[in-house]
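The values are calculated or read from the model by the stated rules, or taken from the named source; none is laboratory data. Keep in mind it's a predicted model, so treat the numbers as computed, not measured. Cβ atoms come from the backbone with ideal geometry, glycine included; neighbour counts cover every protein chain shown.
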Amino acid sequence: MPGRLQYKSTLITGAGSGIGLESALLFAQEGADVLLVDVNEQAVNAAAKKVAERFPNVKVAATKADVSKEAEVKAAVDKAVELFGRLDVVFNNAGIMHPADDNALNTEEKIWDLTMDVNLKGVWWGCKHAIIAMRKNPTDASKGLHTGGSIINTASFVAIMGAATPQLAYTASKGAVLAMTRELAMVHAREGIRLNSICPGPLKTPLLMDFLNTDEKKNRRLVHLPMGRFGEAVEIAKGALFLASDDSSYMTGTDFKVDGGLTSCYVTPE
Ligand code: NAD
């Protein structure tokens with residue numbers, strides 16, 4: 001059985017941890033070459049080693065890049081094309097949730113700017129350079145490869161619903177990811193470039209668990225989760241795999257929710 005990403009070249013940001021790492025493992029398992037990108041060099045090298053050891057039949061590489069810096073994102077995209085010969089999938093997944101991100105009165109401008117630089121501008125740079133590379137992809141019908149590609153941008157459930165536990169900059173940045181992705185999806189729809197957002201619910205990854213560092217904080221959220229549990233990073237990676245693969249060939253501009261039902265919920269089960 002060929003993998004769902006057989007012959008495809010993929011790049012994942014924030015691949016040193018959480019959703020990004022689980023996605024790298026899944027993409028490689030499905031036959032893709034994978035460039036793992038992260039600002040944390042040690043983490044991304046360790047992650048790439050883990051993926052390469054488990055899936056020696058595909059090409060795996062790591063590169064350090066801060067997604068908020070355009071030159072570093074461009075260099076990462078160029079590296080993927082140089083190593084793998086093309087670029088079919090870009091998963092703009094890197095993001096931060098700053099502990100000092102708060103409500104409208106308490107959030108400092110520098111926290112707002114930092115959050116926007118990574119979570120929103122970083123996704124813009126990733127889309128821009130992915131689009132430039134994907135336009136040049138040669139078609140190879142024998143391998144199911146074509147011009148264009150699939151871009152997946154990580155937003156969040158907070159892009160869709162309000163929370164009385166505020167993180168103003170984070171929420172605003174993720175709402176903007178949804179809006180930007182929709183518009184880019186329309187602009188590039190006739191070029192064979194699909195763009196979709198993925199909206200994870202609250203997950204058991206360092207990003208959220210470092211923030212919810214007491215039982216009280218965890219329980220404040222758990223009561224609102226229909227399934228009564230936080231999600232796992234791999235459950236989001238499976239959604240990203242679907243959006244990356246040709247299984248989602250007629251999907252573009254969507255807000256793809258993988259949230260345990262949270263954004264459909266009024267009253268949770270007892
Ligand atoms: P994580 O903290 O486990 O992983 C995030 C990775 O991004 C880290 O390896 C980090 O080093 C990297 N990163 C941070 N800033 C970067 C930068 N400037 N350039 C490159 N890499 C950078 O978090 P995660 O839970 O896997 O989160 C991944 C994405 O999912 C984020 O965009 C996050 O906002 C989103 N998300 C997470 C949750 C959750 O509950 N964990 C919920 C909704 C959305």
*Filter pass, Ala169 being in contact with a helix residue (DSSP H, G or I) (Cβ under 7 Å, 6 or more places away or on another chain), farther than 23 Å from Phe242 by Cα and modelled with pLDDT of 95 or more*: yes
*Which condition number in (1) within 14 Å of the ligand (Cβ to nearest atom); (2) assigned to a helix (DSSP H, G or I); (3) within 23 Å of Thr205 (Cα to Cα) is the one that Ala52 fails?*
(1)
*Given Lys218, Lys143, which one is of a type in the set (D, E, K, R), within 13 Å of the ligand (Cβ to nearest atom) and at negative phi?*
Lys218
*Can you pull out the residues in the range 108-123 that are more than 10 Å from the ligand (Cβ to nearest atom) and within 12 Å of Ala176 (Cα to Cα)?*
Met116, Leu120
*Look at the range 69-115 and say how many of its residues are in contact with an Asp or Glu (Cβ under 8 Å, 6 or more places away or on another chain), under 30 Å from Glu30 (Cα atoms), surrounded by fewer than 21 Cβ atoms within 10 Å (Cβ to Cβ) and not acidic (Asp, Glu).*
1
*Taking the range 146-202 only, how many residues are closer than 16 Å to Trp124 by Cα, over 14 Å from the mean Cα position of the chain (by Cα) and of a type in the set (Lys, Arg)?*
2
*If Ala104 passes every condition in (1) farther than 24 Å from Leu243 by Cβ; (2) assigned to a helix (DSSP H, G or I); (3) among the small types (Gly, Ala, Ser) but one, which one does it miss?*
(2)
_When the residues of the range 207-255 are narrowed to those that are of a type in the set (S, T, N, Q) and assigned to a loop (DSSP other than H, G, I, E, B), which ends up nearest to Glu22 (Cα to Cα)?_
Ser245
*How many residues are part of a loop (DSSP other than H, G, I, E, B), buried (at least 24 other Cβ atoms within 10 Å of the Cβ) and within 15 Å of the ligand (Cβ to nearest atom) when one looks only at the range 13-36?*
3
*Can you work out which of the residues in the range 171-200 that are within 22 Å of Val234 (Cα to Cα) and crowded, with 23+ Cβ neighbours inside 10 Å is nearest to the ligand (Cβ to nearest atom)?*
Pro200
*Which numbered condition trips up Val60, out of (1) within 12 Å of the ligand (Cβ to nearest atom); (2) without any contact (Cβ under 8 Å) to a residue 40 or more places away in the chain; (3) buried (at least 23 other Cβ atoms within 10 Å of the Cβ)?*
(1)
*Which one is surrounded by the most Cβ atoms within 10 Å (Cβ to Cβ) among residues in the range 116-161 that are touching an Asp or Glu at 6+ places or on another chain (Cβ under 6 Å) and not hydrophobic (A, V, I, L, M, F, W, C)?*
Gly149
*Which pairs have Cβ atoms under 6 Å, sit 6 or more apart or on different chains, and link a residue in the range 1-28 that is free of Cβ contacts under 8 Å to residues at least 40 places away in the same chain to one that is part of a loop (DSSP other than H, G, I, E, B) and of a type in the set (A, V, I, L, M)?*
Ala24/Ala15; Ala28/Val58
